[in-house]
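Bear in mind that the values in this text are calculations on the coordinates, not laboratory data. Because the structure is predicted, anything quoted here is derived from the model rather than measured. Here Cβ is always computed from backbone atoms with ideal geometry, including for glycine, and neighbour counts include all displayed protein chains.
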Amino acid sequence: MKKRFLGVLLSVAMVAAVLAGCGSSGAKETAAPAGSETEAASEAASGETEAAGNTGDVITVGFSQVGAESDWRTANSESMKSTFSTENGYNLIFDDAQQKQENQIAAIRNFIQQEVDYIVLAPVTESGWDTVLQEAKDAEIPVIIVDRMVNVSDDSLYAAWVGSNFKLEGQKACEWLKQYAAAKNMSEVNIVDIQGTIGASAQIGRTEALNEAVEANGWNLLAQQTGEFTQAKGQEVMESMLKQYDNINVVYCENDNEAFGAIEAIKAAGKTVGPDGDILVMSFDTTKQGITDTLSGDIIVNTECNPLHGPRVEQIIKQLQAGETPEKQAYVEEGIYAHGSDVASVSIDGTDYEVTEVTQDVVDARAY
């Protein structure tokens, strides 16, 4: 490829510079997009970008992250940063899109101009990516999608995707609620849904699973409104719903931060949460705080969404570097965690999934 040919010329030039007495580490120096962090910036300035013991070329990865809207997202970013570190032989250009697709498109175009080796994209929404991903393909830069999916006309526009089966997460949670309601002899389920960012894969899958369960089980779905995956918006939406409905007994929050906000709103309204309270709060993510709240019962069930994508993305890059074809779509394995032992397992489409009762040991073992 043109990029690799230019890389050979660059290597020859670097050798000539060394022979002439001008030392160089051989690392690729890049200018980060506005608002970005270049993980190897300080090392590049001092000529020390090459990792200790690493005699190969530094691999430059451009990563466009949705933002920092939740604890889950922060853990996801840290996983990428720790994996694609200078010590591991990488130069990571990290861009925070601040929840805006136009920022992500601009970042990808900057990555292309800088001739990065790989582009990693955590898309804010599923649609609207064909043009810019075609530009990356034309530049012969492989694109790896993480977390949320992209809806494109040609799936050759990206090399691989790794993330969660969001609808399955929702199905697990809803099946748990069905069994729990039966075990507790709940006469009716009056549920409200605090949705994630509309159009995001997680929102689409988790909302679809709930809608299907509502119809199948005869639950009363009182309201659905986006909480944008944030604690502040989750609290605001819950406050509004509590004013409109006085019979809510289940809140289906589509991530932990929305659940934290909903719990605050419920308690501020003089109501209680938990197995012996007025309202059951369901959540997704299983962050450290989310699991802690599940132990206390503030969150009654929390379905896992694993944010530690860095090592999985690195494995895909290693396959591509070796000339191999990675699996196009790879779902990560995830569990379901509950307060108490009322439901031992759930079955979805003939597959059983064990429900883990949260104990202090489970909380202590949570890494993010």
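Structural remarks
- Whole-angstrom gap from the range 128-207 to the range 255-320, using each part's C-alpha centre: 16
- Proximal charge balance of residue 211 [Cβ under 15 Å; K/R count +1, D/E count -1]: -4
- Cut-off under 5 Å, modelled amide H: who pairs with residue 120 long-range: 62, 63, 64, 144
- Out-of-range pairs (alpha-carbon distance over 29 Å; input 233/328; 172/288; 172/318; 137/318; 81/267): 233/328; 172/318; 81/267
- Using a cutoff of 8 angstrom between alpha carbon atoms and counting only pairs six or more residues apart, the relative contact order for the range 143-293 works out to 20 percent.
- Ranked by how many other beta carbons lie within 10 Å on average, peptides 88-97, 62-71 from highest: 62-71, 88-97
- From phi via Karplus (6.51, -1.76, 1.60), per-residue ³J(HN,Hα) for the range 158-167 in Hz, x at Gly/Pro: 9, 7, 6, 10, 9, x, 9, 8, 5, 5
- In order along the range 325-339, phi translates into HN-Hα couplings of 9, x, 4, 5, 10, 10, 7, 8, 7, 9, x, 9, 10, 9, 7 Hz, rounded to whole numbers, per the Karplus curve 6.51 cos²θ - 1.76 cosθ + 1.60 with θ = phi - 60° and x for Gly and Pro.
- Applying 1/(1 + (r/R0)^6) with r as the Cβ-Cβ distance of residue 351 and residue 82 and R0 = 30 angstrom yields a FRET efficiency of 0.40.
- Neighbour net charge for residue 249 - beta-carbon separation under 14 angstrom, K R +1, D E -1: -3
- Peptides 325-332, 247-254 ordered by average Cβ neighbours within 10 Å, highest first: 247-254, 325-332
- Under a 5 Å amide H cut-off, with hydrogens placed 1.01 Å from N, residue 226 pairs with 195 among residues at least 5 apart or on other chains.
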